[in-house]
Amino acid sequence: MSMDRQIWASLPIPSFVIAPDNRIDAMNPAAEGFLNASAKHVKGSPVWDMIAVDDPLEEAFERARESNTPLFVNDIDVGSGQRAPLKSSLQIAPLSGRAGYMLMMISPRELAGRMTQSHSVKSAAKSAIGMAEMLAHEIKNPLAGITGAAQLLSMNLNADELELTDLIVAESRRIVKLLEQVEQFGNLTEPVRKPVNLHDVLDRARRSALLGFGAQMKIIEDYDPSLPPALGDKDQLLQVVLNLLKNASEAAGEGGGTIRLHTYFEHSFRLRRADGSGQSLPLQIEVIDDGPGLPDHIRSVIFDPFVSGRENGTGLGLALVSKIISEHDGWISVDSTPGRTVFRISLSRAPAHQEEI
């Protein structure tokens, strides 16, 4: 492979070569992942049929071609028939040495935050674990004494006074339950990573949800049947999906709603770290609901510990989800608008020599 072809294949953002008739002449692997289609299938297709933007760009695109100058467009929604629009930047420039051909690169804003999010998740999780240990030691034991004392007092009280001791016992038990959730967050063991069939995990979570907290929900399976095994801890990944399903069910309320479990393969998806190294994360899981969406004021910090959109929420469910995915060297993101919230999980593939184990 020539150096030019190696560079083209290695570009981490979706890139297209557009012919003079505005048909796609070539695209790199990242673009195949963005469109969820092969270069062979897409070649020759009109570019504006394959790439949807929220502003008309045809005239500006033609002016850039005629004047032989680059065109830059920031903060524009770019999507395709296979995926929801992403807030992106577009870089368009004439292709050197080929008259009338244009190079177009799409930079989704979500790509820029992958590395920063991974580091912040681990830092926040470490701080929360320290808080969990302190809370368990300093609060849980005295609460047991308070509960016991209230129960002893209740043995010699009349009905009116019993109401007060019952309140003490009930509130103490509620706090203990909260502390147990905090302890669960802090005591999570390292994942034992083995080949995992993600569809088995999703099916177990779906059946469990429909029998319990998600009984009022309609859960749709939209799977890629060719998805290879992931490298992960099956029990911990099940916990992740259950938490996401529970959040979606609680957001929908008693009226219920619809959740779609979507899987697909995106071979160009990589998590890049500060040291320049990268981790391929081609296996994608999306948990999509039609609920009210996340409140604006917590959308950017939803994975931080003790951040919750519910009045009585602990703010640990999504922090735990993010911690587990981070420990799997994966990535999780959320895109939320009223009527459509998408939690997307990206995981690594099990090595080929392990897939058949």
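Miscellaneous remarks
- The criterion of at least 3 residues that are open to solvent by 30 Å² or more (accessible area, probe 1.4 Å) and under 26 Å from Gly293 (Cβ atoms) is met by the following strands (runs of 3 or more DSSP E) wholly inside region 192-251: 218-222.
- Condition broken by Leu244, with the remaining ones in (1) touching a Phe, Trp or Tyr at 6+ places or on another chain (Cβ under 7 Å); (2) modelled with pLDDT under 90; (3) among the aliphatic types (A, V, I, L, M) satisfied: (2)
- Residues of region 259-300 satisfying the condition of being open to solvent by 50 Å² or more (accessible area, probe 1.4 Å) and at pLDDT below 70: Arg272, Arg273, Ala274, Asp275, Gly276, His297, Arg299, Ser300
- Selection count, region 32-52, where residues are touching a residue at least 60 places away in the same chain (Cβ under 8 Å) and either open to solvent by less than 20 Å² (accessible area, probe 1.4 Å) or among the hydroxyl-bearing types (Ser, Thr, Tyr) (or both): 2
- Residues within region 23-51 that are in a helix (DSSP H, G or I), in contact with a Lys or Arg (Cβ under 7 Å, 6 or more places away or on another chain) and more than 18 Å from Gln91 (Cβ to Cβ), tallied: 0
- Lone qualifier among Pro56, Pro20, Pro12 - being assigned to a loop (DSSP other than H, G, I, E, B), touching a Gly at 6+ places or on another chain (Cβ under 7 Å), on the phi < 0 side of the Ramachandran plot and not small (Gly, Ala, Ser): Pro20
- Checked against (1) in contact (Cβ under 8 Å) with a residue 40 or more places away in the chain; (2) surrounded by 13 or more Cβ atoms within 10 Å (Cβ to Cβ), Pro85 passes all but condition (1).
- You will find that of Ser322, Ser326, Ser336, the residue that is assigned to a helix (DSSP H, G or I), in contact with a Lys or Arg (Cβ under 9 Å, 6 or more places away or on another chain) and modelled with pLDDT of 70 or more is Ser326 and no other.
The values are calculated or read from the model by the stated rules, or taken from the named source; none is laboratory data. This structure is a prediction, so every number in the text was calculated from the model and none was measured. Please note: Cβ atoms are built from the backbone with ideal geometry, for glycine as well, and neighbour counts cover all protein chains shown. Remember, those area values only see protein heavy atoms, side chains included, never the ligands or the DNA or RNA. Shrake-Rupley method; radii C 1.70, N 1.55, O 1.52, S 1.80 Å.
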